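Scroll down for the structure; my scribbles are underneath it.
None of the figures in this text is laboratory data; all of them are computed from the coordinates on show. Remember, it's a predicted structure, so these values are computed and weren't measured experimentally. Neighbour counts are summed over all protein chains in view; Cβ atoms, including those assigned to glycine, are modelled from backbone coordinates with ideal geometry.
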Ligand SMILES: *Cc1c(COP(=O)(O)O)cnc(C)c1O
C-alpha cells in the first residue's frame with residue numbers, strides 16, 4: 001500500500017521522504033513492469049544497507065574530499081552584486097569540482113554502490129555527454145567497465161565529451177535508431193540493461209526514474225546542501241534569504257535545497273528554461289507549464305500531449321531539456337515549499353556574459369538560468385537580502401557555442 005505522508009504538520013524533512021514505496025506525496029513510485037520492480041527493490045535494499053556501512057561512507061567521504069576537491073567554496077560576487085544594485089549575490093561553486101559540475105557527486109555514489117553490489121558493468125545513456133563523462137570518470141576510478149549509449153546525432157555535436165569518454169576507457173555505443181538523440185539512447189541502454197540486470201547497473205543521471213533513483217541521487221547530491229548550510233552562516237552570520245538553482249531533472253537543485261528544507265525562512269527557488277517561446281517544443285519548463293503524468297517509470301509534473309505522451313522539449317542548455325522532473329520537486333511545488341520560475345535563452349545568455357565579464361567566472365548555460373533569475377530579482381530587493389545560487393557547473397563546454405551564437 002502506498003502511504004501519503006501526513007502533510008498537515010510542518011514540511012517533512014528532506015531525508016524522511018520518500019515513503020517505503022518511493023512516493024513523495026502523490027509523486028514518484030515505480031511505474032514499471034513487475035520483473036523490473038523486483039530489480040529496483042533489490043537496488044533499494046542494497047543501497048539502504050550499504051549506505052549505513054562505515055566502509056562505504058568512509059570511501060565516499062574521502063573521495064569527495066581528495067578526488068572531487070570538496071567542500072566547494074561559497075563566493076561573494078561583489079562586482080555582480082554592485083552591477084545589479086540590490087541583494088547580495090553568493091555562489092556555491094560546484095563548477096570547481098573535478099570534471100566541472102555537480103554530476104560527479106552522484107556518479108561516484110552510483111559507481112561505488114555498483115562496485116559494492118558486485119556488479120560487472122555500469123550502463124548509462126547521455127545526451128550532451130555530461131552524465132556520460134561523469135560516469136566514465138567514476139568507473140575508471142573504481143575499476144568497473146562502463147558502457148555509454150549516445151545518439152549518433154549527439155555524438156556528431158558533442159565532440160569534446162565523446163573524446164573524453166573514450167580516453168577515460170568507456171565503451172561508446174552510437175545509437176542509430178529513431179531521431180538518434182537522448183530518448184533513443186535511453187531505449188538502447190535500457191535494452192542492454194535488461195539482458196542481465198542481475199550483473200549490470202543502470203546509472204541514472206538525475207533525481208528521476210523509478211524508486212530508488214530519485215532518493216539515491218538526491219542523497220548523493222545532498223552534500224551540496226549540508227556544506228552550504230554550514231558555510232553560509234559561518235561567512236555571513238545568517239542564513240541566506242533565497243537559495244536558487246536551475247532545474248532540468250532537478251538533481252543539483254535537490255542537492256542544495258535539502259540543506260535548507262527545514263529552515264522555513266529560507267525561500268527555495270528552482271529555475272527552468274522557457275527556451276525561445278511557450279509553444280510546444282520551444283521550452284522545457286515542466287513545473288511551470290506541465291501537469292502530472294507518468295513516464296520513464298515515475299509519476300511527476302510532465303510536459304505532455306492530450307494522450308499523455310511526452311512533448312518535444314528544447315533549451316539552449318542541453319542539460320535542462322527534459323519533459324519531466326524529479327518527483328520530490330513536484331511535491332515541494334504542491335506544498336508551496338519551493339517555487340519555480342522560468343528564464344528564456346536570451347536571459348540565460350545575458351547572465352552567462354555578465355558573470356564572465358564581471359567576475360571572471362564562465363558558468364554552464366544550465367547554471368546561467370539560475371543566475372539570470374537571481375540577477376533580475378536582486379534589483380528589486382534591498383542590500384539586506386542575500387541570494388545563494390548553486391553554480392552547478394562551469395561553462396568551458398559552452399564557450400565555442402556561445403562565441404558563435406553572439407558573433408564574438
Ligand atoms: C546536467 C546538468 C544540469 C541539469 O541537471 P539537474 O539534474 O537538473 O541538476 C545542470 N547543470 C549542469 C552543469 C549540468 O551538467
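Taking the three principal axes of the alpha carbon atoms in the stretch 220-303, the coordinate ranges are 45, 29, 19 Å, sorted in descending order. Cβ crowding within 10 Å, taken as a proxy for footprinting-reagent exposure, orders 150, 165 from fewest neighbours to most as 165, 150.
Measure out, as a whole number of angstrom, how far apart the alpha-carbon centroids of the stretch 140-209 and the stretch 249-312 sit. If we compute the Cα centre of each part, the gap is 24 Å.
What does DSSP give for the chain in terms of the percent of beta bridges that are antiparallel, rounded to the nearest 5? The antiparallel proportion sits near 30 percent. Each label was represented as a point 7 Å from its Cα along the Cα-to-Cβ direction; for residue 404 and residue 163 these points are 1.5 nm apart. For the listed peptides 219-226, 183-190, a ranking on the average number of other beta carbons within 10 Å per residue, highest first, reads 219-226, 183-190. Pair-distance distribution P(r) for the stretch 118-239, from all Cα-Cα distances in 5 Å bins starting at 0: 2, 11, 18, 20, 18, 12, 7, 5, 4, 3, 1 percent.
Length, then width, then depth: along the principal axes, the Cα atoms of the stretch 352-398 run 34, 18, 13 Å. Only Cα sites of the stretch 103-172 enter the Debye sum here, all with the same form factor; the resulting log10 I(q)/I(0) across q = 0.16, 0.22, 0.28 1/Å is -0.46, -0.82, -1.24, listed in q order. Distance from the C-alpha centroid of the stretch 327-396 to that of the stretch 36-84: 22 Å, rounded to the whole angstrom. Stokes-Einstein diffusion for the stretch 175-328 at 25 °C, viscosity 0.890 mPa s, with a Kirkwood radius from C-alpha pairs, works out to 145 µm²/s. A compact globular protein would have a Cα radius of gyration near 2.2 N^0.38 Å; the ratio found for the stretch 131-194 is 1.06. Packing-based ranking of 314-323, 47-56, 283-292 yields 314-323, 283-292, 47-56, ordered from highest to lowest mean Cβ neighbour count within 10 Å.
In whole angstrom, the stretch 188-245 maps to an equivalent ellipsoid with semi-axes of 37, 10, 8, each derived as √(5λ) from the alpha carbon gyration tensor and ordered largest first.
Computed log10 I(q)/I(0) for the stretch 43-181 at 0.09, 0.17, 0.18, 0.19 Å⁻¹: -0.36, -0.94, -1.00, -1.05, from the Debye equation with unit scatterers placed on every C-alpha and solvent omitted.
Taking a quarter of the surface of the Cα convex hull of the stretch 301-408 gives a mean projected area of 8.7 nm². Normalised by 2.2 N^0.38 Å, with N the number of residues, the alpha-carbon radius of gyration of the stretch 81-137 equals 1.63. Rounded to two decimals, the Cα radius of gyration of the stretch 251-340 over 2.2 N^0.38 Å is 1.09. Volume per residue of the convex hull around the Cα atoms, evaluated for the chain, comes out as 138 Å³. In a fully extended conformation the segment linking residue 20 and residue 152 would gain 43.6 nm over its present Cα-Cα distance, using 0.36 nm per residue.
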